[in-house]
1. Please find the FRET efficiency linking Glu69 to Asn283, where r is the Cβ-Cβ separation and R0 is fixed at 25 Å, and quote it to the nearest 0.05.
2. Normalising by the residue count of the stretch 232-371, find the relative contact order in percent from Cα pairs under 8 Å and 6+ residues apart.
3. Pop the C-beta distance of Ala62 and Thr308 into the FRET formula with R0 = 45 Å and round what comes out to the nearest 0.05.
4. Express the relative contact order of the chain as a whole percentage, based on alpha carbon pairs under 8 Å and six or more residues apart in sequence.
5. For the stretch 362-433 and the stretch 194-244, compute the distance between their C-alpha centroids and round to whole Å.
6. Compute the Cα gyration tensor for the stretch 14-156, then decide on rounded, prolate or oblate, letting a ≥ b ≥ c be the square roots of its eigenvalues: rounded whenever a/c is under 1.5, prolate when a/b is larger than b/c in the other cases, and oblate in all that remain.
7. Label point 7 Å out from Arg433 along Cα-to-Cβ: which residues of the stretch 1-31 have amide N under 11 Å?
8. Please list the three semi-axes, largest first and in whole Å, of the ellipsoid equivalent to the chain, using sqrt of 5 times the eigenvalues of its alpha carbon gyration tensor.
Amino acid sequence: MPELATERVIVPARNIEGSLRLPGDKSISHRYALLGGLAEGVTRLTNFSTGADCASSLGCVAALGARVERKQDGTVEIAGVGGRFRETGGELDCGNSGSTMRMLSGLLAAQAGSFKLVGDASLSRRPMERIRKPLEQMGARLRLTEGHAPIRIEGAALTGIDYATPIPSAQVKTAVLFAGMQAQGMTRVHETVRTRDHGELALRAFGAGLERTKETVSIAGGQSLRGIDAAVPGDISSAAFFLCAAALFPGSNLIFDALGLNPTRATLLDVLTALGAHIGVLNLEEKHGELVGTVQVNAPPQGLGGTTISGALSAQLIDELPVLAAIAPYTQNGIRIRDAKELRVKESDRIALVAGNLRAMGAEVEEFEDGLDVAGGQALHGAAIDSGGDHRIAMAFSVAALRAQGETLIRGAESAAISFPEFFELLESVAER
Ligand code: S3P
């Protein structure tokens with residue numbers, strides 16, 4: 001993984017042009033790493049995420065007895081434990097990764113033994129009650145620290161439950177399914193807003209049976225997993241920074257090969273289309289249930305229009321909202337975001353940081369408990385950006401900086417390595433000056 005400087009200067013660009021192949025999707029890499037760790041046999045993964053978050057998932061399954069090897073060519077090989085994790089006396093370090101902590105808790109809830117999960121300062125502030133409730137209903141015991149990590153899990157023989165997720169969360173849904181697959185009887189998760197379905201697709205890929213209707217996923221207990229060979233699709237949430245950057249420059253042309261296009265993740269393409277950008281999709285293929293394809297983006301000559309993102313859309317775009325808000329001043333009619341309160345409990349309070357940083361660049365922004373109003377037709381100037389140690393904030397404002405007057409300093413730029421260590425290098429490779 002490249003060592004990233006803690007501060008980066010972003011110089012405005014004239015245009016964005018090029019072709020990119022991005023490292024593997026973070027959500028899929030986590031799920032393949034965790035299930036590969038538990039499965040019987042060997043899992044071989046190419047284009048695995050290069051981010052520190054997915055390395056945390058690999059580190060945890062290694063500590064639990066799986067043999068994990070990263071080959072010279074980047075392939076990750078995991079020899080799984082065959083259904084039973086080893087109890088470790090030590091702590092399972094989830095780093096900055098909420099996905100690791102929440103989804104691994106689902107797997108460990110059904111495992112004999114006692115496990116302690118810890119995370120960094122940011123992860124230790126994030127809500128964990130949302131997994132404690134369903135996993136305790138199933139029969140495990142989870143001791144939190146005032147609703148947060150560190151988490152102490154006493155695994156147990158679990159019983160299936162019917163669980164309606166109170167907030168849309170793919171992490172919670174996946175944690176319950178991961179526990180349910182090892183429980184006795186059926187587990188059903190009901191979600192009114194359909195969240196990303198990589199957990200369901202990964203379970204199927206590893207050989208577990210499950211059923212999905214419009215709002216419910218059902219999984220029988222007592223199932224075992226077999227290792228897989230897979231190429232992880234490029235990360236569309238990482239592509240989002242480049243898609244939004246390209247959408248800002250009339251005359252831009254950017255192509256992504258082998259990009260993950262799972263419909264529960266590709267909402268950004270609809271939003272950019274609604275804003276007026278031209279998006280083309282070619283060479284669609286399905287791999288282990290995941291759609292992969294080539295995407296081309298061109299900006300509209302007249303500039304981007306405006307839009308409102310609310311309701312189910314906000315949940316489906318949750319990781320892309322910071323960059324959409326960061327480019328909103330450059331649209332004609334602005335972007336309004338609502339029903340996105342979850343942004344306040346991500347790696348940082350993303351609503352507060354987006355508003356603060358947009359203001360630092362000279363924009364007018366209105367902040368709401370569950371969103372933001374960013375008017376269009378605003379010019380921004382370079383400024384010192386506080387990323388708050390949050391990878392998506394650092395990257396979002398690097399994109400905003402491309403169209404600002406003057407240079408922008410990104411503080412805490414090294415946080416990009418949480419999901420996308422190659423970000424700055426690739427941004428330089430497509431930015432024309
Ligand atoms: C993720 C789900 C989302 C997202 C996170 C990854 C996943 O979180 O923000 O980056 O892989 O399931 P929630 O499901 O908690 O909203």
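1. Details: r = 31 Å, r/R0 = 1.24.
So, using R0 = 25 Å, E works out to roughly 0.20.
2. Relative contact order of the stretch 232-371: 22 percent.
3. Numbers: r = 45 Å, r/R0 = 1.00.
According to the calculation, E is roughly 0.50.
4. 19
5. With the stretch 362-433 and the stretch 194-244 each reduced to a Cα centre, they are spaced 30 Å.
6. It is oblate, given that a/c is not under 1.5 and a/b is not larger than b/c.
7. Flagged as within label range: 9-14.
8. Numbers: eigenvalues 261, 94, 83 Å².
Equivalent-ellipsoid dimensions as semi-axes: 36, 22, 20 Å.
Computed from the coordinates by the stated procedures, all read-outs in this text should not be read as laboratory data. Not measured: the values here are computed from a predicted model. Reconstructed Cβ throughout: ideal geometry from the backbone, glycine too, with neighbour counts over all protein chains shown.
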